Amino acid sequence: MNSVIELSKVKEEKFGIVNCDFYRDENSDEVFMTAEQVGEVLEYANPRHSINNIVNRNSYLKEEEFSADIKLISPGGGTQNTRVFNEDGIYEVTMLSKQPKAREFRMFVRKVIKELRKTGYVSVEQFDDPYLVVIENMFKSMKLTKKEIKEMKRAQNKYQMELDKHKKIVEQQQKNLDYVNKIVSVEDTATLRKAFTSSVQALALKKQIGFPVAYGKVYGRINKNQGINLKARAKKGNMKIVEYLEQENMLEYAMRIVNDMLNNEENAA
């Protein structure tokens, strides 16, 4: 069975000399960019190859939390296999990239998506000229025994339960982020830093651990996800870790990590 969704281009914004296309999945409201275009903006000589290398070195980027392998189908009937990144995927790739413009582009993307959420998503494409995204999830025809059918139904029910659980977590995370967005201006770094500190302290109280331990767990998660050593980098710059996060424009990312740990007992243990 094929799962077909329609991507509408909701924004075209120039970054440097590249016209960046932002697409919205009408089912999930997530915003996407193609991997190749991300590579072009970061000024790789071979954009698609370079981004694929980053993904292959960091296999978690292949998960649906960050990206999807799709086929772009144009009205003319041509198809092209490509990878698209959602907002989190774009942030992850730009933090893993060593290209000079990665940080600047990350700030640009955050600003564009924030503006889209405020103004609403309006397609900039012609009604009769959409791009269809076909996510390949094809099963070959087969004859199934009653036992196999029961196993498939059991697996389907388990998957649905996991999906419902994931949706609740995402909804709670969105509520947390919405609350932060109400009281925190992205441009007000001091306020964002205070909100981050309060969230880490809330994590410590909820898990009944010391504040330093809570900070250590959050920084450890960031180190693991990004393949970096925050303590070493902060020490090299003669600054505190939270100051390094501010400098690298990573405080909002750190806030998402804390929100995840607050809503995920297993990960925060």
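The values are calculated or read from the model by the stated rules, or taken from the named source; none is laboratory data. Just so we're clear, the structure is a prediction, and the values are computed from it rather than from any experiment. Glycine gets a Cβ as well: all are built from the backbone with ideal geometry, and neighbour counts include every protein chain shown.
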Every listed condition ((1) within 14 Å of the chain's Cα centre (by Cα); (2) assigned to a strand (DSSP E or B)) holds for LYS11 save (1)
Selection from region 29-48 of residues over 16 Å from the mean Cα position of the chain (by Cα) and among the hydrophobic types (A, V, I, L, M, F, W, C) yields VAL41, LEU42, ALA45
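I need the helices (runs of 4 or more DSSP H) fully contained in region 96-211, keeping only those with at least 3 residues that are at pLDDT below 60 and over 17 Å from the mean Cα position of the chain (by Cα). Don't jump to the end; show me each part of the working.
Working: elements: 102-119, 146-183, 189-207.
Result: 146-183.
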Enumerate the pairs (first residue in region 190-206 and outside the structural domain of GLN173 (by TED's automatic domain parsing) and closer than 17 Å to MET250 by Cβ; second residue anywhere and of a type in the set (Lys, Arg) and surrounded by fewer than 19 Cβ atoms within 10 Å (Cβ to Cβ)) with beta-carbon separation below 6 Å, excluding pairs fewer than 6 apart on the same chain, so at least 6 apart or on different chains. none
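So which residues in region 67-86 are basic (Lys, Arg) and at pLDDT below 80, if there are any at all?
We begin by selecting, within region 67-86, every residue basic (Lys, Arg); these are 71, 83.
Across region 67-86, the qualifying residue is only LYS71.
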Could you check, for region 35-54, whether at least one of its residues is assigned by TED's automatic domain parsing to the domain that holds SER8, in contact with a strand residue (DSSP E or B) (Cβ under 9 Å, 6 or more places away or on another chain), closer than 25 Å to ASP260 by Cα and at pLDDT 90 or above? no
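Being surrounded by fewer than 21 Cβ atoms within 10 Å (Cβ to Cβ) and in contact (Cβ under 8 Å) with a residue 24 or more places away in the chain is the requirement here; does ASP21 meet it?
Numbers: surrounded by fewer than 21 Cβ atoms within 10 Å (Cβ to Cβ): yes; in contact (Cβ under 8 Å) with a residue 24 or more places away in the chain: no.
Answer is no for this residue.
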